[in-house]
1. It is to be established whether one or more residues within segment 88-103 are in contact with a Gly (Cβ under 6 Å, 6 or more places away or on another chain), of a type outside the set (D, E) and part of a loop (DSSP other than H, G, I, E, B).
2. If we keep just the residues of segment 53-84 that are of a type in the set (V, I, T) and part of a strand (DSSP E or B), which is surrounded by the fewest Cβ atoms within 10 Å (Cβ to Cβ)?
3. Find the strands (runs of 3 or more DSSP E) located wholly in segment 123-198 whose residues include 1 or more that are within 15 Å of the chain's Cα centre (by Cα) and of a type in the set (D, E), and list them.
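Every read-out reported here was derived from the displayed coordinates using simple, explicitly stated rules and does not represent laboratory data. Keep in mind that what you see is a predicted model, and the values were worked out from it rather than measured. Here the Cβ positions follow ideal geometry from the backbone for every residue, glycine too, while neighbour counts run over all protein chains shown.
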Amino acid sequence: MTPTHKLLTGCALLALAGLLACGGGGGGSSAPATVTPATATSLSYTDPTSSTFLLRKNPALSTPTHLVLELVGPASATGSGVSASFTVDATKVAWVNVAASDPANTFVQNGTAFTLGASPQILLGRVASGTLQVTAAQKGTGSPVSLNAPLLRIALDLKASQTVGAVPFSADGTKCQVLDGTGTIGPMAVSVGTLAAQ
């Protein structure tokens, strides 16, 4: 072995010994980096594309932290009223009034399809934890209207200090019903979109 080879070999052994002595790889005494999850500043909603009844975003009434959604029916259907039930992760978002000027804890607005008539109107909203149940209907069944328009409006607010990520959101098919053009109450297939905090 030449002197140069001996020198290189000796240096390699010394370097290895040094790595072993300090725990191998250096920086063994450094504290692990802390990763802070990003805080969400807005709600993102992607409209559904297929179903009989769709829950769509109203961009004009929504803000980054206040999401207004409208239930819209198919072009071929007529009716006089609807009832629906939606569940969301209540640790991340909260059911709220559509407009600040609405009476406290109403949680639902009439859309543009139904004519509710004089008081008392059939327009009800109730919240229990993360579940919202709503009903909007005309009085009587003698004048059904096209359901291919906003039937009702609901709204969600982003809660403070939430991390970025998906927000579970669903419709309860067993509690979604429509009063159709023949005056018959039947099931209503509702599709919700994808909700996320971002």
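1. Yes - at least one qualifying residue is present in segment 88-103.
2. We begin by selecting, within segment 53-84, every residue of a type in the set (V, I, T); these are 63, 65, 68, 72, 78, 82.
From what is left, the residues that are part of a strand (DSSP E or B) are 68, 72, 78, 82.
Working: V68: 21, V72: 20, T78: 16, V82: 25.
My answer is T78.
3. Values: elements: 131-137, 150-158, 169-171, 177-180, 185-187, 194-197.
Counting at least 1 such residues, we get 150-158.
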